[in-house]
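Remarks on the structure that follows.
The values are calculated or read from the model by the stated rules, or taken from the named source; none is laboratory data. All values derive from a computational prediction rather than experimental measurement. Note: ideal-geometry Cβ built from the backbone for every residue, glycine included; neighbour counts use all protein chains shown. For accessibility, only protein heavy atoms count, side chains too; no ligands or nucleic acids. Shrake-Rupley method; radii C 1.70, N 1.55, O 1.52, S 1.80 Å.
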Amino acid sequence: MKSLEIKKLMITIIFNLAIFTITLAQKHNIMILATGGTIAGVGQAGSTDTRYTAGKLPIDQLLNAVPDIHKLANVKGEQVAQIGSQAMNDEVWIKLVSRINELLGRKDVDGIVVTHGTDTQEETAYFLTLTVKSNKPVVLVGAMRSATALSADGPKNLYDAVAIAADPKSNGMGVLQAMNEKIYAARDVTKTNTTGLEAFGSSNFGPVGFIFNGKPDYYYSSTRKHTLRSEFSNERFTKLPKVDIVYGYANMTATAIDAFVSSGSKGIVMAGVGNGNLYPEAEEALKRAVAKGVVVVRSSRVFSGRTTIDSEVDDKALGFIASEDLNPQKARVLLQLALLKTTNRDKIQQYFFEY
Ligand code: GLU
């Protein structure tokens with residue numbers, strides 16, 4: 001090859017390398033922390049069957065199904081757990097938040113996506129929005145159809161979640177949850193369907209945004225405290241207190257409440273009827289619980305609305321706490337974190353007004 005041609009070739013290589021480096025530098029660095037769930041589920045290939053085993057495929061294989069994801073961001077995956085989210089527990093939550101806080105503290109990580117089963121996704125999302133110490137985006141995502149199902153929804157949901165995490169508009173929104181092209185605030189999202197694709201909603205507030213043409217667009221944001229404004233994000237803990245949920249119904253007995261108290265529960269969330277109302281025997285049992293130092297929060301088994309303080313139940317006199325609009329499973333998360341700080345009833349009621 002003549003020396004002129006070699007020069008030309010060298011210039012072309014250097015030019016292309018420079019373009020490649022600039023493109024790489026412009027792209028955000030997104031970490032995907034995988035925990036299992038249907039998004040990593042395996043059933044019969046091409047099947048319409050709703051039966052499959054959750055939490056089977058490793059994160060790298062999930063990423064291989066969405067090659068275009070690498071155009072959105074520099075994406076890396078890490079396996080934190082491999083479980084169906086019905087098995088989600090405090091240990092995985094603590095491991096997850098520690099890893100997220102460590103990663104988001106680094107300059108070379110711009111956002112996190114957490115792949116997660118849908119059953120308890122809302123609880124993990126709320127736990128994280130209260131404990132993540134960063135303004136950078138954290139997005140939870142899952143799927144309703146396994147990775148091998150006919151028309152699996154996981155790949156598109158994963159793509160959308162990375163698009164959200166890589167978009168600067170998502171900074172400061174608190175932890176988000178994204179499925180089926182809708183974006184919800186962690187505090188407000190709840191699972192609304194057992195098997196359908198449109199499986200999430202927010203009973204009182206609706207989505208904060210949508211995915212349009214592969215990009216997030218926001219309309220609202222939650223005003224309640226989260227992430228950097230949450231005092232729980234400064235808390236260092238290796239364990240969470242035992243808090244249980246009791247479901248209310250007509251002709252209820254005190255058996256479950258008494259059993260939880262004697263098994264060492266530090267807090268009980270009552271999924272009461274209507275406005276968090278209590279069957280008389282349940283009210284008596286909860287009074288006994290309070291007398292033993294157990295913190296009692298009244299939530300409701302009703303899908304939407306608030307559990308208002310001092311309504312038909314005199315919370316102040318009975319020493320109970322009203323959950324505001326938090327559903328029982330979310331109220332449980334806030335009570336677990338609140339109990340790390342205090343058992344004072346008024347202080348915990350205040351948390352329920354603020355978070
Ligand atoms: N029960 C499993 C889980 O929550 C599968 C449900 C899902 O991911 O949609 O992980």
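Summary table
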| quantity | calculated |
| --- | --- |
| Condition met for residue 85 (within 22 Å of residue 241 (Cα to Cα) and either free of Cβ contacts under 8 Å to residues at least 24 places away in the same chain or away from the ligand (no atom under 16 Å from the Cβ) (or both)) | no |
| Residue match in segment 216-224 (condition: assigned to a loop (DSSP other than H, G, I, E, B), of a type in the set (Val, Ile, Thr), surrounded by fewer than 22 Cβ atoms within 10 Å (Cβ to Cβ) and touching a Ser or Thr at 6+ places or on another chain (Cβ under 8 Å)) | no |
| All positions within segment 284-321 that are farther than 22 Å from residue 264 by Cα and under 24 Å from the mean Cα position of the chain (by Cα) | 300, 301, 302, 303, 304, 305, 306, 307 |
| Odd one out for residue 250 among (1) in contact with a strand residue (DSSP E or B) (Cβ under 6 Å, 6 or more places away or on another chain); (2) open to solvent by 30 Å² or more (accessible area, probe 1.4 Å) | (1) |
| Residue 169, sole failed condition from (1) over 23 Å from residue 73 (Cα atoms); (2) of a type in the set (Lys, Arg); (3) away from the ligand (no atom under 16 Å from the Cβ) | (1) |
| The listed residue being open to solvent by less than 60 Å² (accessible area, probe 1.4 Å), over 25 Å from residue 354 (Cα atoms) and in a loop (DSSP other than H, G, I, E, B), out of 172, 196, 206 | 196 |
| Residue that is modelled with the lowest pLDDT [pool: residues in segment 46-66 that are closer than 16 Å to residue 85 by Cβ and hydrophobic (A, V, I, L, M, F, W, C)] | 54 |
| Where a residue in segment 234-262 is in contact (Cβ under 8 Å) with a residue 12 or more places away in the chain and its partner, wherever it lies, is of a type in the set (D, E, K, R) and assigned to a strand (DSSP E or B), with Cβ under 7 Å and at least six apart | 260/244 |
| Selection status of residue 33, among the aliphatic types (A, V, I, L, M), within 16 Å of the ligand (Cβ to nearest atom) and on the phi < 0 side of the Ramachandran plot | yes |
| Residue list for segment 230-244, filter: among the aromatic types (Phe, Trp, Tyr) and in a loop (DSSP other than H, G, I, E, B) | 237 |
| Candidates 80, 92 - the one that is within 16 Å of the ligand (Cβ to nearest atom), in a helix (DSSP H, G or I) and either at pLDDT 95 or above or loosely packed, with under 15 Cβ neighbours inside 10 Å (or both) | 92 |
| Scope segment 307-339; condition charged (D, E, K, R), part of a loop (DSSP other than H, G, I, E, B) and free of Cβ contacts under 8 Å to residues at least 60 places away in the same chain; matching residues | 310, 312, 314 |
| Meets criteria (part of a loop (DSSP other than H, G, I, E, B), open to solvent by less than 30 Å² (accessible area, probe 1.4 Å) and either within 20 Å of residue 124 (Cβ to Cβ) or in contact (Cβ under 8 Å) with a residue 40 or more places away in the chain (or both)) for residue 187 | yes |
| Failed criterion for residue 275 (all others in (1) surrounded by fewer than 16 Cβ atoms within 10 Å (Cβ to Cβ); (2) part of a loop (DSSP other than H, G, I, E, B); (3) at pLDDT 95 or above hold) | (1) |
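Yes or no, residue by residue, for (1) part of a loop (DSSP other than H, G, I, E, B); (2) away from the ligand (no atom under 16 Å from the Cβ); (3) touching a helix residue (DSSP H, G or I) at 6+ places or on another chain (Cβ under 6 Å); (4) more than 23 Å from residue 26 (Cα to Cα):
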{"site": "71", "(1), (2), (3), (4)": "no, yes, no, no"}
{"site": "96", "(1), (2), (3), (4)": "no, no, no, yes"}
{"site": "107", "(1), (2), (3), (4)": "yes, yes, no, no"}
{"site": "112", "(1), (2), (3), (4)": "no, yes, yes, no"}
{"site": "119", "(1), (2), (3), (4)": "yes, no, yes, yes"}
{"site": "125", "(1), (2), (3), (4)": "no, no, no, yes"}
{"site": "134", "(1), (2), (3), (4)": "yes, yes, yes, no"}
{"site": "140", "(1), (2), (3), (4)": "no, no, yes, yes"}
